[in-house]
């Protein structure tokens, strides 16, 4: 039994990435309970399993005291000194009390304990791995869909994509591979609960980091992301290197890089704009693809007035205000858009007054 158990520990340590010492300690702890249960004792005992031979021994542990009040838990100083003269008050005396047939009991308990500890250790390893990957992107396979919850197989664990984190109208099919953003990892009794999102702005950010080497290498920096999942997004980028075009790097040759991300997000339109420390320039860029004539900013309430050509007004505002809304979210500035004609009328009224 001992040789087989040691071999099993070694194999599990290799295959599952679980330290063999974790298994040794688990078996020892379980065998203490088994000893007390099978031999009807309340003694304080320690079970030791030899790491090289697998031999199992049981030791009764007693506290060295001046006056004994509990024979099962304590031993007098005089009695302790008969065993070893070096013992002092407060020491612990250990004496081997291994029963002759304890090996059989150990074998019965070891398998159950090992299986249980493997599950616990694997859950702990999975939790540690994925908790360190919060705010990161993962690829998984759609396993099943129950009550609009999409369960995604990540290989080592199962994650959940709840309805609130799904792109509206996006279909999910069994066996389909999808990318998602890890928003939270919780430690539950049954194992880690990994919550995914397809709507989080971080998903867009991480997709660009994966697709654009210049971002991954730190040559191009993502400054801000604004997103209306499944519909449209804006991302502002900057490079400290004057020889690098941050927008061109993200768009790629013939738009291939950004198109890969658009495809992953099932057709979500993406505007890549140049960041600027000058708010007028940044706001004008953020309203892309609309052309801007002038931008006036009001620092006090961080608002701005933007003037665009008459024929560009609807484009600047966007369908149901989407373009203007995303630009405001991207820049952090309130944006009031006026056509050139509207601006002239306002100026005329101001002059008259």
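Descriptive notes on the structure:
- Count of the range 295-304 residues which are out of contact with any helix residue (DSSP H, G or I) (no Cβ under 8 Å at 6 or more places or on another chain) and either in a strand (DSSP E or B) or touching a residue at least 24 places away in the same chain (Cβ under 8 Å) (or both): 4
- Segments classed as helices (runs of 4 or more DSSP H), wholly inside the range 175-262, with at least 3 members that are closer than 20 Å to residue 161 by Cα and in contact (Cβ under 8 Å) with a residue 12 or more places away in the chain: 201-211
- Checklist (1) out of contact with any strand residue (DSSP E or B) (no Cβ under 9 Å at 6 or more places or on another chain); (2) under 21 Å from residue 238 (Cα atoms) applied to residue 275, failing item: (1)
- Some residue of the range 155-169 being touching a strand residue (DSSP E or B) at 6+ places or on another chain (Cβ under 8 Å), assigned to a helix (DSSP H, G or I) and within 30 Å of residue 247 (Cα to Cα): yes
- Residue among 23, 31, 6 that alone is under 30 Å from residue 122 (Cβ atoms) and out of contact with any helix residue (DSSP H, G or I) (no Cβ under 7 Å at 6 or more places or on another chain): 6
- Residue within the range 338-352 that is within 29 Å of residue 251 (Cα to Cα) and either without any contact (Cβ under 8 Å) to a residue 12 or more places away in the chain or buried (at least 19 other Cβ atoms within 10 Å of the Cβ) (or both) present: no
- Qualifying residue in the range 267-287 (condition: surrounded by fewer than 19 Cβ atoms within 10 Å (Cβ to Cβ) and touching a residue at least 60 places away in the same chain (Cβ under 8 Å)): no
- The set of residues from the range 316-353 being closer than 22 Å to residue 228 by Cβ, in contact with a helix residue (DSSP H, G or I) (Cβ under 7 Å, 6 or more places away or on another chain) and assigned to a helix (DSSP H, G or I) comprises 316, 317, 323, 324, 327, 330, 331.
- Qualifying residue in the range 143-159 (condition: touching a helix residue (DSSP H, G or I) at 6+ places or on another chain (Cβ under 9 Å) and within 30 Å of residue 30 (Cβ to Cβ)): yes
- So residue 285, is it within 27 Å of the chain's Cα centre (by Cα) and on the phi < 0 side of the Ramachandran plot: no
- Within the range 308-315, one or more residues are outside the structural domain of residue 205 (by TED's automatic domain parsing), in contact with a strand residue (DSSP E or B) (Cβ under 6 Å, 6 or more places away or on another chain) and farther than 26 Å from residue 238 by Cα.
- Annotation: of all residues in the range 97-119 being surrounded by 14 or more Cβ atoms within 10 Å (Cβ to Cβ) and at pLDDT 75 or above, the one that is farthest from residue 15 (Cα to Cα) is 97.
The values are calculated or read from the model by the stated rules, or taken from the named source; none is laboratory data. None of these values were measured; they are calculated from a predicted model. Neighbour counts run over all protein chains shown; Cβ positions are idealised from the backbone, glycine included.
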